[in-house]
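Below: one structure, written as structure tokens.
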Amino acid sequence: MSVSTSPSPPVGRLAPTPSGHLHLGNALAFGAAWLSARQAGGRLVLRFEDVDEGRARAEIEASQRDDLRWLGLDWDEELPRQSSRTYPLGALPTYRCDCNRAQRLAGACRCRGEEKSEGRVCAALPKGQVSFEERALGRCVGVPDGDPVLLQASGAATYTLAVVLDDLRDGVTEVVRGADLLDATPTQVALYGLLGEAPPTYLHVPMLLGPDGKKLSKSHGSAELRALRARGIPPEAVWAQLLPLLGAPPGPIAAALRNTAAPLDPAAVLRGPFRVDEVGRLVPMGAGGG
Ligand SMILES: [Zn+2]
């Protein structure tokens with residue numbers, strides 16, 4: 001396997017899921033993606049990842065665009081959302097599986113190698129480890145978490161299939177995202193291998209947890225960017241909290257880019273997770289655990 005050194009500027013992506021309003025955890029991941037691409041003179045695309053959301057939720061997409069602009073993040077091109085794309089399997093080796101969820105989770109599925117005409121479509125991944133470049137951690141080796149489902153029994157593409165085919169089609173060369181997705185990386189990398197393609201590089205930024213210790217989500221309304229904005233908190237204050245987690249100077253994110261040669265150094269990105277309180281303030285490290 002050859003490691004590609006990309007001489008051309010990177011292509012990054014802002015890929016929000018329009019299932020809820022953007023929160024501080026999304027801001028951290030998108031800010032890191034933005035800094036990474038911009039400091040290298042690269043391109044950024046915006047793509048709404050709504051493959052699991054059914055029909056596009058136009059009002060949430062609009063609010064997410066507003067939040068990104070409010071944060072000071074821009075993009076070079078908005079690409080078609082997932083729900084408007086098709087996801088052909090091409091020559092991927094696949095098999096049908098009609099096991100229920102409990103059987104699959106228990107590892108009791110024996111469908112691979114059988115000739116089934118019904119059920120979901122799974123990728124027949126090669127057995128064994130894959131390796132990939134994680135820019136903070138270096139060369140990583142991992143084992144895919146079983147054969148991923150590519151198509152639901154309904155024929156609908158899963159997120160795993162959509163995100164890999166989209167990043168390939170969109171020419172994305174670097175993926176910057178939350179640490180909760182690190183575990184999914186070996187499966188995605190194995191899918192690139194099955195397609196005969198090189199994966200992008202990865203950088204995982206710390207997860208932000210709510211006051212309840214759970215990953216920030218739409219149930220933590222006070223950590224939503226629109227809630228902070230409604231309370232009169234400026235974007236500079238958001239970045240003053242978040243940029244130090246990336247090892248970057250606090251302040252407006254555009255200033256970090258202007259005043260610092262390389263504001264995002266993957267080796268300086270903190271591990272986390274970090275916790276935010278009931279009003280969306282970062283709990284100092286060592287206070288409140290995490
Ligand atoms: Zn099965």
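The values are calculated or read from the model by the stated rules, or taken from the named source; none is laboratory data. Since the structure is predicted, the reported quantities are computational estimates derived from the model, not experimental observations. Here Cβ is always computed from backbone atoms with ideal geometry, including for glycine, and neighbour counts include all displayed protein chains.
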*Only one of (1) touching a Lys or Arg at 6+ places or on another chain (Cβ under 6 Å); (2) part of a loop (DSSP other than H, G, I, E, B) fails for T86. Which number is that?*
(1)
*asked:* Residues to consider are A102, A136, A124, A108; find the one that is within 16 Å of the ligand (Cβ to nearest atom), at pLDDT 95 or above and of a type in the set (G, A, S).
replied: A124
*Consider V130 carefully, then state whether it is closer than 24 Å to V11 by Cβ and either among the charged types (D, E, K, R) or over 15 Å from the mean Cα position of the chain (by Cα) (or both).*
yes
_Residues (more than 22 Å from L246 (Cβ to Cβ) and either free of Cβ contacts under 8 Å to residues at least 24 places away in the same chain or in a loop (DSSP other than H, G, I, E, B) (or both)) located in the stretch 177-212_ = L195, G196, E197, A198, P199, P211, D212
*Using the structure shown, decide if L73 is under 26 Å from P234 (Cβ atoms), within 16 Å of the chain's Cα centre (by Cα) and surrounded by 16 or more Cβ atoms within 10 Å (Cβ to Cβ).*
no
*asked:* I'm trying to understand the selection: among the residues of the stretch 117-128, which are surrounded by fewer than 11 Cβ atoms within 10 Å (Cβ to Cβ), farther than 23 Å from T185 by Cα and not polar (S, T, N, Q)?
replied: E118
*When the stretch 188-210 is examined, which residues are found to be touching a helix residue (DSSP H, G or I) at 6+ places or on another chain (Cβ under 8 Å) and surrounded by 21 or more Cβ atoms within 10 Å (Cβ to Cβ)?*
Q188, L191, P199, P200, Y202, L203, H204, V205, P206, M207, L208, G210
*Just give me the residues in the stretch 151-176 being of a type in the set (A, V, I, L, M) and assigned to a helix (DSSP H, G or I), in sequence order.*
L161, A162, V163, V164, L165, L168
*So which residues in the stretch 69-95 are within 13 Å of R13 (Cβ to Cβ) and among the polar types (S, T, N, Q), if there are any at all?*
Q82
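For every residue, the table says whether it meets (1) modelled with pLDDT of 95 or more; (2) of a type in the set (A, V, I, L, M, F, W, C).
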{"residue": "T201", "(1), (2)": "yes, no"}
{"residue": "K214", "(1), (2)": "no, no"}
{"residue": "L225", "(1), (2)": "yes, yes"}
{"residue": "A255", "(1), (2)": "no, yes"}
{"residue": "G272", "(1), (2)": "no, no"}
{"residue": "E278", "(1), (2)": "no, no"}
{"residue": "R281", "(1), (2)": "no, no"}
{"residue": "G288", "(1), (2)": "no, no"}
